[in-house]
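Scroll down for the structure; my scribbles are underneath it.
The values are calculated or read from the model by the stated rules, or taken from the named source; none is laboratory data. Note that the structure is predicted; figures quoted are calculated from it, not measured. When we count neighbours, we look across all protein chains shown, and the Cβ atoms used for this are built from the backbone with ideal geometry, even at glycine.
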Amino acid sequence: MYQKPTINRIDFSATKHGNYGNPYRSQKIKSEIDGFNVNELVANFGSPLFVFSKKEIEKKYDAFKDAFVSRYPEVEFYWSYKTNYLGAICKTFHDLGSKAEVVSAFEYDKARSLGVEGRDIIFNGPYKPKEALKKAVLEGAKIHIDHWHEINDLEDIATELGKEIPVAIRCNMDTGIYPAWSRFGFNIDNGEAYDAIERIYKGQKLILTGLHTHIGTFMLAANAYQVAVTKLMQLRKRVQEDFGYSIEYIDIGGGFASKNRLKGIYQPPEVVVPTPDEYAEAIVDAIYENADDRLPKLYLETGRALIDEAGYLLTSVFASKRLPDGKVSYILDAGVNLLYTSFWYNFDIFLDKKHEGLNEPSQLNGPLCMNIDVIADNIMLPPLQRGDVLTIWPVGAYTITQSMQFIQYRPRVIMIDKEPILIRESDDLAYVSEKEISDIF
């Protein structure tokens, strides 16, 4: 198809080969995932297509598990449901030994439907309706109190049931990172966390068994966890002495970073993202440095770092056009309705094969009739043809849970084990419309 030629200025100093290759000739190519050709996957399952690698999930889980259990005697992993609550994904982590961490009544019910016992569920979050709390109490879940009203609600439930309820509280604190996640839980630094524990003690209806924190997301400073654990352990010692509690566990939450590229961070992930061993060393060393005779159990609510790099999105070029600024816009069949996280991350974009021609400034747009539907706004790409398949990576964390049926149907999802397996069917009109009440007009 004929396109009017354009003239773009080329900086020939950039064409000299150096440590970073030639921006006009270098191409990132990924023709297969776990041995399966991306074009064949699209031919068999359609485009766009989410693909998860079970092998990569197991690899990441083993890396983090080894990093912690080699340093500490009692460690338990709780899979963060909000990161990706597809049943096949959750079951994979449960089969590996992870329990469940949820932040809503919906996620709690999801975990229970997958066979997770109440005692193996941590119930976090600022919004726990009283009925959901009561259900969790009756089923023995680990409830982490987020605010003063929740203390009152749980005391009401304890009175109704005639039983003492074991609980933990969520704490926040200054760990030297910004922004501080101060809206969740009780602050340690200003004494609020201690006051909440004293309130629980005086109420005589709840019993404190754990301390929890979650200091942020995509944490690039492992030493921030050392600060957090130190403050939790100091609080643990104080409340055990003052109130006679036996604090069985500390829960350090999640927030470990993946090898994604956060916008505004210009060094590669291999440089800025701590390794599992670096996270583990910071956390475990702080426990040992502040421990008494009895070590607490260590709970981890790891999500992103375990699943992000196991997820891929295959998408096809539908059309192209030349923009007024000279860039080429490639219109893909996947947009920000599937990749809400593209507002925060610069994903790696891979071609399915080597393409002829020089790279030129390009933009990747999705299919939505919205100006914000931009997957990559400045990327060097060779001339692409309709039907060419691109692989976007890593997209395993928060893409499925935050994807939306907006303008376009959501696509199929597969997991590659020994063979590609369909784990979620694509949306259709019946699915989208089934909750509508159509006979009232």
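Which residue pairs have Cβ atoms under 9 Å apart, sit 6 or more places apart or on different chains, and have a first residue in segment 25-37 that is in contact (Cβ under 8 Å) with a residue 40 or more places away in the chain and a second that is charged (D, E, K, R) and outside any loop (DSSP other than H, G, I, E, B)?
Close Cβ pairs (under 9 Å, with a partner that is charged (D, E, K, R) and outside any loop (DSSP other than H, G, I, E, B)) amount to LYS28/ASP348; LYS30/ASP348; ASP34/LYS54; ASP34/LYS55; ASP34/GLU56.
Does at least one position in segment 177-185 carry a residue that is in the same structural domain as TYR249 (by TED's automatic domain parsing), in contact (Cβ under 8 Å) with a residue 12 or more places away in the chain and more than 26 Å from the chain's Cα centre (by Cα)?
no
Looking at segment 163-203 only, could you name the residues that are in contact with a strand residue (DSSP E or B) (Cβ under 7 Å, 6 or more places away or on another chain), in a helix (DSSP H, G or I) and over 25 Å from ALA221 (Cβ atoms)?
Within segment 163-203, ALA196, ILE197, ILE200 qualify.
Looking for something in a strand (DSSP E or B), in the same structural domain as ASN44 (by TED's automatic domain parsing), more than 30 Å from GLN267 (Cα to Cα) and of a type in the set (Phe, Trp, Tyr) - is there at least one such residue anywhere in segment 346-358?
no
Which condition does LYS259 not pass, out of (1) touching a strand residue (DSSP E or B) at 6+ places or on another chain (Cβ under 6 Å); (2) touching a residue at least 60 places away in the same chain (Cβ under 8 Å); (3) part of a loop (DSSP other than H, G, I, E, B), if it passes all the others?
(1)
Name the strands (runs of 3 or more DSSP E) wholly inside segment 1-103 in which the number of residues that are hydroxyl-bearing (Ser, Thr, Tyr) and either modelled with pLDDT under 95 or more than 29 Å from LEU358 (Cβ to Cβ) (or both) is 2 or more.
Because the criterion is at least 2 residues that are hydroxyl-bearing (Ser, Thr, Tyr) and either modelled with pLDDT under 95 or more than 29 Å from LEU358 (Cβ to Cβ) (or both), the strands (runs of 3 or more DSSP E) in segment 1-103 that meet it are 75-80.
Within segment 236-246, is even one residue closer than 30 Å to PRO420 by Cβ, touching a residue at least 40 places away in the same chain (Cβ under 8 Å) and outside any loop (DSSP other than H, G, I, E, B)?
Scanning segment 236-246, I find no residue that is closer than 30 Å to PRO420 by Cβ, touching a residue at least 40 places away in the same chain (Cβ under 8 Å) and outside any loop (DSSP other than H, G, I, E, B), so the answer is no.
Rundown of residues vs (1) free of Cβ contacts under 8 Å to residues at least 12 places away in the same chain; (2) more than 29 Å from LYS30 (Cα to Cα); (3) of a type outside the set (S, T, N, Q); (4) outside the structural domain of THR315 (by TED's automatic domain parsing), yes/no style:
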{"residue": "SER47", "(1), (2), (3), (4)": "no, no, no, no"}
{"residue": "LYS60", "(1), (2), (3), (4)": "no, no, yes, yes"}
{"residue": "ALA63", "(1), (2), (3), (4)": "no, no, yes, yes"}
{"residue": "ALA67", "(1), (2), (3), (4)": "no, yes, yes, yes"}
{"residue": "TYR72", "(1), (2), (3), (4)": "no, yes, yes, yes"}
{"residue": "VAL75", "(1), (2), (3), (4)": "no, yes, yes, yes"}
{"residue": "THR92", "(1), (2), (3), (4)": "no, no, no, yes"}
{"residue": "SER98", "(1), (2), (3), (4)": "no, yes, no, yes"}
{"residue": "GLU101", "(1), (2), (3), (4)": "no, yes, yes, yes"}
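I'm trying to understand the selection: among the residues of segment 389-402, which are closer than 17 Å to GLY366 by Cβ and surrounded by fewer than 21 Cβ atoms within 10 Å (Cβ to Cβ)?
GLN402
Would you pick out the residues in segment 139-173 that are in contact with a Leu (Cβ under 9 Å, 6 or more places away or on another chain) and of a type in the set (Asp, Glu)?
GLU150, ASP153, GLU155, GLU164 - these are the residues of segment 139-173 that are in contact with a Leu (Cβ under 9 Å, 6 or more places away or on another chain) and of a type in the set (Asp, Glu).
Return the total of residues in segment 353-377 being among the charged types (D, E, K, R), free of Cβ contacts under 8 Å to residues at least 60 places away in the same chain and closer than 24 Å to LEU338 by Cβ.
Total satisfying the criteria: 2.
Given the criteria under 30 Å from ILE375 (Cβ atoms), free of Cβ contacts under 8 Å to residues at least 24 places away in the same chain and small (Gly, Ala, Ser), does GLY264 qualify?
Answer is yes for this residue.
With the structure loaded, tell me whether VAL103 is among the β-branched types (Val, Ile, Thr) and touching a Leu at 6+ places or on another chain (Cβ under 9 Å) or whether it fails that test.
Taking the combined requirement at face value, the residue does not satisfy it.
Determine, yes or no, whether ASP285 is modelled with pLDDT under 95 and farther than 22 Å from SER47 by Cα.
In short, no.
Which numbered condition in (1) surrounded by fewer than 21 Cβ atoms within 10 Å (Cβ to Cβ); (2) aliphatic (A, V, I, L, M); (3) part of a loop (DSSP other than H, G, I, E, B) is the only one that ALA224 fails?
Evaluating ALA224 over (1) surrounded by fewer than 21 Cβ atoms within 10 Å (Cβ to Cβ); (2) aliphatic (A, V, I, L, M); (3) part of a loop (DSSP other than H, G, I, E, B) leaves (3) as the failure.
Would you confirm, using the coordinates I've provided, whether LEU390 is of a type outside the set (Ser, Thr, Tyr), closer than 29 Å to PHE218 by Cα and part of a strand (DSSP E or B)?
Answer is yes for this residue.
Quick one: in segment 263-286, which of the residues that are of a type in the set (Val, Ile, Thr) and either touching a strand residue (DSSP E or B) at 6+ places or on another chain (Cβ under 7 Å) or assigned to a loop (DSSP other than H, G, I, E, B) (or both) is surrounded by the most Cβ atoms within 10 Å (Cβ to Cβ)?
VAL273
For segment 136-162, what are the residues that are β-branched (Val, Ile, Thr) and in a helix (DSSP H, G or I)?
Listed by number, the residues that qualify are VAL137, ILE151, ILE157, THR159.
Please pick out the residue among LYS60, LYS28, LYS82 that is under 24 Å from GLY366 (Cα atoms) and not aliphatic (A, V, I, L, M).
The unique qualifying residue is LYS28.
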